[in-house]
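Read through the structure below, which is laid out as structure tokens, and then see the notes.
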Amino acid sequence: MRTYLVGGAVRDALLGLPVRERDWVVVGATPAELEAQGYTRVGRDFPVFLHPGTREEHALARTERKTGPGYRGFETDFDPAVPLEEDLRRRDLTINAIAEAADGTRIDPYGGERDLKARRLRHVSEAFAEDPVRILRVARFAARFHPLGFEVAPETLALMQGMVAAGEAGALVPERVWQETVKALGEPAPEVYFSVLREVHALKVIFPEVDRLFGVPQPERWHPEIDTGVHVLMVIAAAASLSPLPRVRFAALTHDLGKGETPAAEWPKHSGHEARSVALVEAMAARLRIPNDFRDLATLVARYHGHCHRAFELRTGTVLELLENSDAFRRPERFDEFLTACEADFRGRGGFGARPYPQAGWLREARAACAAVTLEASERARLDGPGIGAELRRRRLEALKPLIAARPATANP
């Protein structure tokens, strides 16, 4: 029985990155032998064991044979005779197919170290095409390692395109799509994930609402980049620079979905795109089983990002309605996330990245001023429920008036 450190731990150590978790492959052993040594068996599709001391995952070396469509259509063989090289061959990328023995010797039969130096994401073998999840994983790794200069190898892009053409992307189940997407949204360059999916024609299969945005023009005065799809990628990048939260970045992705349904005769204007965007976000969330907190923030941004941009032009009552409709008093953290996503929308335009966006700070002040309004217990005792609400609203409008009077006369678009 021989044990090797494999995958991300070896890769990240060679890149000088922190190692988050360590995975191991065991060659020459049976499940019974591991269990006899105190390992705990977990995993449904193939045997994975937790080390009795470290609790790190140890998997038996295995080979796989494609037996059906999708990522579950495999027959797995974990015979003790399976060599390490065969186990590494079934992995997705060469940089993830490097093993390290206990004495530090590295086993790299597929050129992973060479590809690390070349900053190249390249598939290990043609077996890559048997698992459609790898389309998403490669796009996610591209988003993670983009700041280090990594790019997907042309031959891997071509293989992924062939997989999409063969219908493999359509076999992805919603849970796996979202699992990989939410991880990608947390990567340093999440916009690259969607860019790679588009390059291999998977975006139109998995996120058709986003794919439809490319080629749709916007007014050049406010959008020097013109193309709505390009704008959305820029907004995701801006969101990543402003917030580490995948929820905020998802809202950036979906805020303009309605522009993909604007009749071409109305271009480059997009009247009513906010309501269309809300409906599309809700449909996407239902289809991919996206968590409610992601959906709710995204619909809030889709519906009201224009209000945020025009904050210095809104009437006093409209400002208060924005705060009320966004539940800003009970959920100030989410309102702050809303403002961050709106700022990302502003900055995600050609030449706008360094411009000031005072609307966000001003709306935070407006929320704080209104939230400070209270009613004494004696005042509440003299009023019924609707009366309390009406009086609070009257006082909040009064609290807003000094801020309205002092706000700038002009605003950014």
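FYI, it's all coordinate maths here, none of it is from the lab. Model, not experiment: these values are computed from the prediction. Cβ sites come from the backbone with ideal geometry, for glycine too, and all protein chains shown count toward neighbours.
A few notes on this one:
- Of the residues Pro208, Pro154, the single one that is under 22 Å from Asp256 (Cα atoms) and not small (Gly, Ala, Ser) is Pro208.
- Residue in segment 275-283 that is of a type in the set (Asp, Glu), within 28 Å of Arg176 (Cβ to Cβ) and in contact with a helix residue (DSSP H, G or I) (Cβ under 7 Å, 6 or more places away or on another chain) present: yes
- Among residues of segment 97-135, those that are closer than 18 Å to Arg22 by Cβ and among the β-branched types (Val, Ile, Thr), counted: 3
- Enumeration of residues in segment 377-396 that are farther than 20 Å from Glu321 by Cβ and either of a type in the set (Lys, Arg) or assigned to a loop (DSSP other than H, G, I, E, B) (or both): Arg380, Arg382, Leu383, Asp384
- Remark: pairs (first residue in segment 1-15, among the basic types (Lys, Arg); second residue surrounded by fewer than 17 Cβ atoms within 10 Å (Cβ to Cβ) and assigned to a loop (DSSP other than H, G, I, E, B); Cβ separation under 9 Å; 6+ apart in sequence or on different chains) = Arg2/Gly28; Arg2/Ala101; Arg2/Ala102; Arg11/Leu17.
- The set of residues in segment 260-276 being surrounded by fewer than 16 Cβ atoms within 10 Å (Cβ to Cβ), of a type outside the set (A, V, I, L, M) and within 18 Å of His305 (Cα to Cα) consists of Lys269, Ser271, Gly272.
- Qualifying residue in segment 225-235 (condition: touching a Pro at 6+ places or on another chain (Cβ under 8 Å) and farther than 23 Å from Ala279 by Cα): yes
- Some residue of segment 165-178 being surrounded by 18 or more Cβ atoms within 10 Å (Cβ to Cβ), β-branched (Val, Ile, Thr) and within 25 Å of Ala286 (Cα to Cα): yes
- One residue stands out among those in segment 256-311 that are outside any helix (DSSP H, G or I) and within 17 Å of the chain's Cα centre (by Cα): the one that is farthest from Ala239 (Cα to Cα), which is Arg289.
- In segment 22-37, the condition of being without any contact (Cβ under 8 Å) to a residue 12 or more places away in the chain and assigned to a loop (DSSP other than H, G, I, E, B) is met by no residue.
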